[in-house]
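Undergrad: This is the structure I want to talk about, given as structure tokens.
Where a number appears in this text, it was derived from the coordinates with a stated rule and is not lab data. Quick caveat, the model's predicted, so the values are computed rather than measured. Neighbour counts are summed over all protein chains in view; Cβ atoms, including those assigned to glycine, are modelled from backbone coordinates with ideal geometry.
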Amino acid sequence: MRWLLLKDLQILRRSPLQLTLLILYPVVIALLVGFAMTRDGEQTTVALYNAMPADSPLGFGGEEVDGDEIRDQLCDRVDCLSADSVEDATKMVESGEATAAVILPEDLGEKILSLASLNPQSPEVQVVVNGSNTVESEVTDDRIEAMLSEANLLLAKRLSEAANQYLDLILEGGEFSLFGQELEVLGLQKSEQILKRLENKVPAGTDREELQRAIRFAGLATDNLDLAGPLLTAITQPIKADKIEVGDEAPSLDTFAIGVTTIFALMFVTVLLVAGSLALEKEENAFTRLTAGLVTRLQILLAKVGLGTVVGFGVAVILLVGLGLFVGIEWGRAPLWLLAILFGAAAFSAGGAALGAAAREVRAATLAAVMICLPVALLSLVPDDAVGPAIETVISVVSAAFPFKPALDALTSGLEISGSSVWLNYLHLAVLAAAYSALARVALRRF
Amino acid sequence: MGRLCRATSHKFLSVESQVSGPALRARGVSKAFGGRQALEGVDFEVGPGEVVALIGPNGAGKTTLLSILAGIAEPDSGEVDGNGVAWVPQQAALYRRLSVRENLLLFARLQHDAGQTNDPPGQMVDRMLELTGLGERAGDRVGTLSGGNQQRVNIAIGLMAEPAVLLLDEPSVGLDPGQRERLWDFVLGLVGTGTAVAFSTHDIQEAERYAERIVVVAEGEGIFSGTADELRQAVDTGSGDLESSFLAFLREHGH
């Protein structure tokens, strides 16, 4: 069997294109994905044109909000580029310099101020997005929504604080500025105290009863308006999320991305290589000669699985080490993720052998490998809650019957998550390797 | 050379060798693929140092018979006795991206590991390179060789373990006359050392020129075994042309 493996490696070495691809592929993928992952933290660029007057802060009672504060709030989750005009902002979006533009109209301040009046108007900002890219447009919508939520939250807090000040004035009394004049407000608490003092001086009768009614109202109003302050504050953020995670521990997004990249590469390299290599034995008429008393079909099969495992393992390790230059990989956990790659490579190789044995022709084997691997792998990435129960069951069965999902789970567990599930994933892959090898052996009977 | 007996039964071919016993013998071999009967009770023998040609129409069962004689295919019934049988397929069974030496070395190693020979693989390769006259092309990839040279490597692999019997399936297909002559010089050289050779062919002239005996197979049955002259005598065409006699013989037997 070792001579068969050596022969396949010699043949591989004799194909400059194949050899170059096997070396360059993981390096290029590692560079591309690595750079993409390191740029992941960068924010969306948004062009901002502020037409509001610079020297007119918005006052809510004693609270003020100026244009810079609104801008800072808007730009908290995005990178803002200042635009000189609406046209300038629109051009930035069209040229791709900015993914969206936010225009603060001149009357925005007045409309925001009107929220604290008896005649509130609806403040609006203009948003310009580039609709030619569906995915980017969706992402931009989310970012803009987040921007506006931040700004709305700021205004709601300021309005709430202003309203609290008015409530305090009504409750406790104090000075109040109106149209440039300072006015004194008595307040409900002081009113109650004054009324109580007067109560004993008023003789019993109708006037005293009226006075007692006014005292009861003042007391009741004081007690209840005390609750209004906290209520107004709560309105600005009525629901807070307290996230509790249950079920299996999920890998981080970085680990998941590393896992998907590595297992995709492992899958394509091993399945295509083994399926093509086995079919080539038939095309070059060598299979019959080999099995004419020299080696058994099982030995040929094991040599092919060995070839795929060795080459796939090498490619995946190069890719993973390359990615490790960009993102943090725990080298201390290397035995776990190396085992995951090894078991995954063996399972994919056995699957490739089954395909090659069934196809018996290199082109057919290659085509079948791509047509089966790609959709099954993508299906394995569909979240459970994105489909109905029936489809979810189908996806679970397909994912379990193909090495992609268990290999991905094994690798992400090996990279990040502790626990016993990684050993179950190894076992799962070992079972798949044995099952696909058995299928390949059956197919080789009529090879 | 062997005494060649004309077959009197449609299903029985008997060939006796003047040497002690046949190098390869098959008795009552039958084989069906699905509902089609590829071979029906065929007997066959070849002795050491003999050259036997298998001729017959397409689909007659020649390749199936050779495959069963080589042990590659199992017969449904009947038995085959013979040791040291090497089979050379019709199409070169070689790795085109490997060199001549690497191809020879691979099969030498496998034959050595399989216990077919005790000779060191490197020594077997050198011997075959010398025998085939391909020593100068040893480092060339097989895919760059001419069809004739590929066939020489193909045959060399079959001969490396010095088999007692060499089975060749249409060995000269695709070769020009010069290549064909060199190929047969090579094969007949082996025959001179005692190797028994059985080959299938569609070329009647090739069968007459190189084989001492001709076996006619048609629709899975062995219907003639004898010399070329005996085949001519079996039917009277008046021309003396072996191909005409062969076709007339087939027609006479309903094929």
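Undergrad: Hey, any idea what the orientation-averaged projected area of the convex hull of region A:186-234's Cα atoms comes to, in nm²?
TA: 3.5 nm²
Undergrad: Let me ask you something else. Please determine, in degrees from 0 to 90 and to the nearest 10, the orientation of helix A:134-172 with respect to the longest principal axis defined by the Cα atoms of chain A, where the helix direction is its Cα long axis.
TA: Tilt of helix A:134-172: around 30 degrees.
Undergrad: What is the set of long-range amide H partners of residue B:199 at a cut-off below 5 Å, with H atoms built 1.01 Å from backbone N?
TA: Residues meeting the amide H criterion: B:52, B:53, B:54, B:168.
Undergrad: Next question, about the same structure. Compute the separation of the alpha-carbon centres of region B:112-152 and region B:180-255 and state it in Å as a whole number.
TA: 30 Å
Undergrad: Taking the Cα atoms only, what angle lies between the long axis of helix B:121-132 and the longest principal axis of chain B, rounded to 10 degrees?
TA: Rounded to the nearest ten degrees, it is 60.
Undergrad: Once phi is turned into ³J(HN,Hα) by the Karplus curve 6.51 cos²θ - 1.76 cosθ + 1.60 with θ = phi - 60°, what whole-Hz value does each residue of region B:73-89 show in order, with x for glycine and proline?
TA: The phi angles translate into 10, 8, x, 6, 8, x, 9, 10, 10, x, 10, x, 9, 10, 10, 10, x Hz.
Undergrad: If you fit an axis through the alpha-carbon atoms of helix A:206-236 and take the longest principal axis of the Cα set of chain A, what angle between them do you get, 0 to 90°, nearest 10?
TA: 20 degrees
Undergrad: Let me ask something additional. Whole number please: convex hull volume per residue, Cα atoms of region A:251-444, in Å³.
TA: In region A:251-444, the Cα hull volume divided by residue count equals 114 Å³.
Undergrad: Skipping prolines and chain starts, which residues have an amide H placed within reach, meaning under 5 Å, of the one on residue A:185, given they are 5 or more residues away or on another chain?
TA: So residue A:185 has HN proximity to A:174, A:175, A:176.
Undergrad: Fewest to most neighbouring Cβ within 10 Å: what's the order for B:54, A:273, B:145, A:338?
TA: In order of increasing Cβ crowding within 10 Å: A:338, B:145, A:273, B:54.
Undergrad: Also, I was wondering about something else. Which residues does the label zone of residue A:9 cover in region A:281-308, counting backbone N under 11 Å from a point 7 Å along Cα→Cβ?
TA: The answer is A:307.
Undergrad: Could I ask something else about it? Using only C-alpha positions, report the orientation-averaged shadow area of the convex hull of the protein assembly as shown, nm², one decimal.
TA: Seen from a random direction, the Cα hull of the protein assembly as shown projects 51.4 nm² on average.
Undergrad: Under a no-solvent Debye model with one identical scatterer per Cα of chain B, what's log10 I(q)/I(0) at q = 0.09, 0.10 Å⁻¹?
TA: Values, matching the q order: -0.39, -0.49.
Undergrad: Which one, A:181, B:178, A:85, projects farthest toward the positive side of the charge dipole computed for the protein assembly as shown from Cβ point charges (K/R +1, D/E -1)?
TA: Result: B:178, furthest along the dipole toward the positive end.
Undergrad: If one puts a single equal scatterer on every Cα of region B:95-163 and applies the Debye formula without solvent, what log₁₀ I(q)/I(0) results at q = 0.16, 0.22, 0.23, 0.28 Å⁻¹?
TA: -0.45, -0.84, -0.91, -1.28
Undergrad: On a C-alpha basis, how far is the centre of region A:278-297 from the centre of region A:376-402 in Å? Whole number, if you could?
TA: 38 Å
Undergrad: Given +1 on the Cβ of Lys and Arg, -1 on the Cβ of Asp and Glu, and no further charges, what dipole in debye does chain A carry about its Cα centre, rounded to the nearest 20?
TA: Dipole magnitude for chain A comes out near 4380 debye.
Undergrad: State the extension gain, in nm to one decimal, for the chain segment bounded by residue A:79 and residue A:430, taking 0.36 nm per residue of separation less the distance between their alpha-carbons.
TA: Between residue A:79 and residue A:430, full extension yields an extra 121.5 nm.
Undergrad: Looking at chain A, what % of its DSSP beta bridges pair antiparallel, to the nearest 5?
TA: Around 55 percent of the beta bridges assigned by DSSP in chain A are antiparallel ones.
Undergrad: Shielding by partners for B:85-96, please: the mean number of other protein chain Cβ atoms within 10 Å of each residue's Cβ.
TA: 4
Undergrad: So if I place +1 on the C-beta of Lys and Arg and -1 on the C-beta of Asp and Glu, and nothing else carries charge, what would the dipole magnitude of chain B be about its Cα centre? I want it in debye, nearest 20.
TA: With only Lys, Arg, Asp and Glu charged at Cβ, the dipole is about 520 debye.
Undergrad: Tell me, what HN-Hα J-couplings in whole Hz come from the Karplus equation 6.51 cos²θ - 1.76 cosθ + 1.60 at θ = phi - 60° for each residue of region A:433-443, using x for Gly and Pro?
TA: 4, 5, 5, 5, 5, 5, 4, 4, 5, 5, 5
Undergrad: Still on this structure: By counting other Cβ atoms within 10 Å of each Cβ, how are B:187, A:129 ranked from fewest to most?
TA: With the fewest neighbours first, B:187, A:129 line up as A:129, B:187.
Undergrad: Now for a separate question. Among A:47, A:398, A:119, which residue has its Cα positioned farthest towards the positive end of the charge dipole of the protein assembly as shown, with +1 placed on the Cβ of Lys and Arg, -1 on the Cβ of Asp and Glu, and the dipole taken about the Cα centre?
TA: Sorting the options by dipole projection puts first A:398.
Undergrad: Please sort by residue number the chymotrypsin sites (Phe, Trp or Tyr not before Pro) in region A:158-191 whose DSSP state is loop and whose Cβ has at most 11 other Cβ atoms within 10 Å.
TA: A:179
Undergrad: Separate question: Would you mind ranking A:261, B:193 so that the residue whose beta carbon has the fewest other beta carbons within 10 Å leads the list?
TA: B:193, A:261
Undergrad: Please give, to one decimal in nm, the separation of the simple spin-label points placed at residue A:381 and residue A:153, each 7 Å out from Cα toward the Cβ.
TA: The answer from the label model is 3.1 nm.
Undergrad: Evaluate the relative contact order of chain A (contact order divided by residue number), counting alpha-carbon pairs under 8 angstrom at least 6 apart; express in whole percent.
TA: 16 percent
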